[in-house]
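So the structure is just underneath, and the comments pick up after that.
The values are calculated or read from the model by the stated rules, or taken from the named source; none is laboratory data. Everything quoted here is computed from the prediction, not taken from an experiment. Methodologically, a virtual Cβ is constructed for each residue, glycine included, from the backbone with ideal geometry; neighbour enumeration extends over all protein chains shown. SASA here: full protein model, heavy atoms, side chains in, ligands and nucleic acids out. Shrake-Rupley method; radii C 1.70, N 1.55, O 1.52, S 1.80 Å.
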Amino acid sequence: MIADARSGALFRAESLFAEHICDAAVLAGFDLSTDAVRRILVGDPQAPASPDARIFVRRQGQALGWVLRRVRSGTFDLTWGTARAVNALLTGAPHDRTGEGAGTAGQPPAREPLPGVAVPPDASDPLEEAVRVFLELAVRRPFAGGNVRTGYLLAEGAVLRAGLPAIGVPGPLRQEFDDLMRRCRRRRARGGPAAAGVDGAEVAAMAGFFRRCGRWP
């Protein structure tokens, strides 16, 4: 039953591949249509997009594809090795491809779990657990760039691994998403409890936001 649910969630995520990437591009400030994203992904040189948008779409597609393949093969996990691999695909930065050994740039070893919680396939609320990991990375900013997108794709993989629908941030809801992220960052900047990580209220608010997005029933 769990395997069937996971296969169904993956099938839907793969069918929405271009829409996912378009959402990410809009959040990053690019004015792209889903059709333009599809054309960029198949290498159409006439797709209406700037050079920076093309690079963004290609990298986002590579990273999302990597996550989906890992979920499908049962090898997706929430470790620093996974985070570094995803971040490298998103940003073009180098990473330790072996996934072993000491961490780079002051990060923990590759096999060490990410901050927050490591989401097991049978977590009682996989969405909230995944959102916690996303917010921890987005707020702590362990990488030179791409922290929010890295955390987002890790959360995506976690919910798909649990057989739940893919998360998404449609363009019209960008402002609400930005407001939720700003609240988390402001609390951390003030040196409050965020210094030890995000809190339950922040996780619940972001999880509720994702549930209201169109890809959730």
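Is one or more of the residues making up the stretch 90-100 at pLDDT 90 or above and either under 14 Å from the mean Cα position of the chain (by Cα) or of a type in the set (A, V, I, L, M, F, W, C) (or both)?
Yes, some residue in the stretch 90-100 is at pLDDT 90 or above and either under 14 Å from the mean Cα position of the chain (by Cα) or of a type in the set (A, V, I, L, M, F, W, C) (or both).
Answer yes if at least one residue in the stretch 124-145 is under 17 Å from residue 62 (Cα atoms), at pLDDT 85 or above and either in contact with a helix residue (DSSP H, G or I) (Cβ under 8 Å, 6 or more places away or on another chain) or open to solvent by less than 10 Å² (accessible area, probe 1.4 Å) (or both), and no otherwise.
Within the stretch 124-145 (the criterion being under 17 Å from residue 62 (Cα atoms), at pLDDT 85 or above and either in contact with a helix residue (DSSP H, G or I) (Cβ under 8 Å, 6 or more places away or on another chain) or open to solvent by less than 10 Å² (accessible area, probe 1.4 Å) (or both)), the answer is yes, since at least one residue qualifies.
Cβ-Cβ under 7 Å, sequence separation 6+ or interchain: first residue in the stretch 192-217 and under 20 Å from residue 124 (Cα atoms) and outside any helix (DSSP H, G or I), partner modelled with pLDDT under 60 and of a type outside the set (D, E, K, R). Which pairs?
199/193
For residue 163, state whether it is more than 15 Å from the chain's Cα centre (by Cα), at pLDDT 80 or above and not in a helix (DSSP H, G or I).
The answer is yes for residue 163.
In the stretch 8-36, which residues are over 14 Å from the mean Cα position of the chain (by Cα) and free of Cβ contacts under 8 Å to residues at least 60 places away in the same chain?
11, 14, 15, 18, 29, 30, 31, 32, 33, 34, 35, 36
Name every residue in the stretch 167-181 that is open to solvent by 10 Å² or more (accessible area, probe 1.4 Å) and assigned to a loop (DSSP other than H, G, I, E, B), in order of residue number.
Scanning the stretch 167-181 gives a single hit, 170.
Considering every residue within the stretch 30-39, establish whether at least one is at pLDDT 95 or above and of a type outside the set (D, E, K, R).
Among the residues of the stretch 30-39, at least one is at pLDDT 95 or above and of a type outside the set (D, E, K, R), which makes the answer yes.
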